[in-house]
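So the structure is just underneath, and the comments pick up after that.
The numbers here are math on the coordinates, done by the rules we state, and not lab data. These numbers come from a predicted model, not from an experiment. Quick reminder, even Gly has a Cβ in these numbers, built from the backbone with ideal geometry, and neighbours come from all protein chains shown.
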Amino acid sequence: MISLYRPGRSPLHRLPAEAKIVGMAVLALAISLWPHTPVTATGTLLGVLVLFALGGFGPREWARQLWALRWLVVFMAGTQLLFLGTEPALVNTVRVVSVVLLAGVLTLTTRSEEMLDVVERALRPLARFGADPWRVAFTLSLTIALVPVIADFGRRVREAQRARGVRLGVRAVVPMLVMSLRHADDVADALSARGIA
């Protein structure tokens, strides 16, 4: 669900990373805290889709992002429909989807290194309390970099299942977890060799 940067020349691409992060944070808080009705929640979602258009992304990208959220939508809508009723389920699901899509707009139009630079600068005042802004930013960078690696592990497990004609279901998590732990060991060894960890 983490969208990777797509180069472009849109107004959102040209905005400084600081402005985008602050703006998106304010919008996410407003979406989360505003007492929505079904109409305002739907309007909010349409507003986020307008931001996608400002970033130069059309319906295909919207559909891709929404498809990636399908299980979140099913889970949220189902549980809230069961316990809260139709209107709250609709409002809360649309609100959460809007915030996640908003984060997608940010990552699609902002290089990860630019966002991490902003995080590092924002954390510098905490250095006097013993925090290491560079290490925090580096950890975030490493986490983001590992997302597609883990996704590739999942793809390889699925392909192996198809090749063997078996369906592991939930048990497919086990080989994926083993691969992830091995990769984590390799990354830790590489960092130690470079004197980083």
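With a Förster radius of 41 Å applied to the C-beta separation of V173 and E18, the computed FRET efficiency comes to 0.60. A straight line joining the Cα centroids of the range 77-133 and the range 1-68 runs 11 Å. Evaluating kT/(6 pi eta Rh) at 20 °C and 1.002 mPa s, with the Kirkwood radius of the chain over Cα pairs in the Stokes-Einstein relation, gives 110 µm² s⁻¹. Between V136 and A63, the simple spin-label model (points 7 angstrom out along Cα→Cβ) gives 4.1 nm. For the range 18-74, the square roots a ≥ b ≥ c of the C-alpha gyration tensor eigenvalues yield an a/c of 1.5 or more together with a/b not exceeding b/c, which makes the shape oblate. Between the beta carbons of L81 and V39, assuming R0 = 30 Å, the FRET efficiency works out to 0.95 to the nearest 0.05. The simple Förster model, with R0 at 35 Å and r as the Cβ-Cβ distance, assigns L46 and E114 a FRET efficiency of 0.80. Extension gain, R124 to R156: 0.36 nm times the residue separation minus the Cα-Cα distance gives 7.5 nm.
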